[in-house]
Amino acid sequence: MGRFVTVRAHDAGFSFVEVMVAVLLLAICAVPMMEAIRNGLSVSSAGADKARELRCLKNTMEAVLAEPYQTLWLAASQDNAASYVLPEDASCAGVNRRLAISLCEQTGSTTVFLSSGSAQNRRESAMLYIALSADKGYSFTTMVAR
């Protein structure tokens, strides 16, 4: 029974196989961690871009709504604001903005879009439907009454 309990002095330490298994386990754990770190860094830069786009659209919508009603009415009645020049803003560098101003009328719970000819007869009841959007997803829409 005593011969099974004895330990030889030269058996102390790790074998090559044990070291390789430990390195393999560490590598298996490190690969997902590196991927998570890389994704975290890319998400933070994407978040900054989305915040800049949101700030740009908010500032642009405020500038458009600050215009006189008659200016917006003329832009909508001519060509749905295709000729309307969006205000320049330093926060909008690299943001592709699209503005559409249409004439509409609210009948009950539905919005009816008007042509420029039919809207001239209903200048007091017609409203401006202003839609501002960016290519990366944000959009603002509002209706303005006289």
field: For ALA93: the one exception among (1) surrounded by fewer than 10 Cβ atoms within 10 Å (Cβ to Cβ); (2) closer than 25 Å to ASP135 by Cα; (3) modelled with pLDDT under 80
entry: (3)
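Restricting to region 33-91, give me the number of residues that are in a helix (DSSP H, G or I) and under 25 Å from SER125 (Cβ atoms). I'd like the intermediate steps shown before the answer.
Within region 33-91, the subset in a helix (DSSP H, G or I) is 33-65, 69-79, 90-91.
Those left that are additionally under 25 Å from SER125 (Cβ atoms): 61, 64-65, 69-79.
Count: 14.
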Test: ALA100 is surrounded by 14 or more Cβ atoms within 10 Å (Cβ to Cβ), of a type in the set (Gly, Ala, Ser) and either modelled with pLDDT of 85 or more or closer than 30 Å to SER125 by Cα (or both): yes
- prompt: Which members of region 112-146 meet the condition of being modelled with pLDDT under 75, not in a loop (DSSP other than H, G, I, E, B) and not polar (S, T, N, Q)?
  reply: GLY117, ALA119
query: Just one of the numbered conditions (1) under 24 Å from the mean Cα position of the chain (by Cα); (2) exposed (fewer than 15 other Cβ atoms within 10 Å of the Cβ); (3) modelled with pLDDT of 80 or more is not true of SER45; which one?
result: (3)
query: Can you tell which of GLU35, GLU62, GLU53 is acidic (Asp, Glu), more than 30 Å from GLU88 (Cβ to Cβ) and surrounded by 10 or more Cβ atoms within 10 Å (Cβ to Cβ)?
result: GLU35
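The values are calculated or read from the model by the stated rules, or taken from the named source; none is laboratory data. Remember, it's a predicted structure, so these values are computed and weren't measured experimentally. All Cβ positions, glycine included, derive from the backbone under ideal geometry; neighbour counts span all protein chains shown.
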